[in-house]
Structure formats: C-alpha cells, structure tokens
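Asker: Take this structure, written in structure tokens, and hold onto it; I'll ask about it next.
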C-alpha cells in the first residue's frame, strides 16, 4: 500500500463527505424553518453512519448542531 496515495485519497473522500453533508444539512434546516417545523432556535441532534462493507466497518458519529 502506498501511504501517500492512500492519505491523499482518504482526504479527498472526507472533503467530499464534509462539503456534501454541509449542503444537505443546510438545505434541510432552511426548509424546516421555512415550513415551521423548526423555529431556528433549536439544537438538533445529528448522526452520521460511516460504513465500508468490504472492511466490515460500520460506526456511528453523533453530535449536536446549535441553530442559534
């Protein structure tokens, strides 16, 4: 395994995950505020599940996102 290639590819993947996740969360929160489902002052709980089937990896990452 080439550690440098692996590290670069992993960073590329994680950057894509971060950017895509942020867009999706922002869109969902804005829609929920617009529809009245959220007031915009809440703290919302979030969970991301990371899985790589070929490695038998599945792990949950939990956190909170404050809106105000």
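Asker: Modelling each spin label as a point 7 Å along the Cα-to-Cβ direction, I'd like the residue 34/residue 54 distance in nm, to one decimal.
Answerer: 3.9
Asker: Taking the simple approach of a point 7 Å from Cα along Cα-to-Cβ for both residue 46 and residue 23, what is their distance in nm?
Answerer: Spacing of the two 7 Å Cα→Cβ label points: 1.5 nm.
Asker: Going by alpha carbons, how many degrees (0 to 90, nearest 10) lie between the helix axis of 3-35 and the longest principal axis of the chain?
Answerer: The two axes meet at around 10 degrees.
Asker: Give the Kirkwood hydrodynamic radius (Å, one decimal) of the chain, defined as one over the mean of 1/r across all pairs of different Cα atoms.
Answerer: On the way: mean 1/r = 0.0697 Å⁻¹.
For the chain, the Kirkwood estimate is 14.3 Å.
Asker: Any chance you could run the full-extension gain for residue 67 through residue 9? It's 0.36 nm times the residue separation minus the Cα-Cα distance, nm to one decimal.
Answerer: Values: separation 58, 0.36 × 58 = 20.88 nm, distance 3.23 nm.
This chain segment gains 17.6 nm when fully extended.
Only the coordinates and a few stated rules stand behind these numbers; no lab work does. Just so it is clear, the structure is predicted and the values come from calculations on it, not from any experiment. Methodologically, a virtual Cβ is constructed for each residue, glycine included, from the backbone with ideal geometry; neighbour enumeration extends over all protein chains shown.
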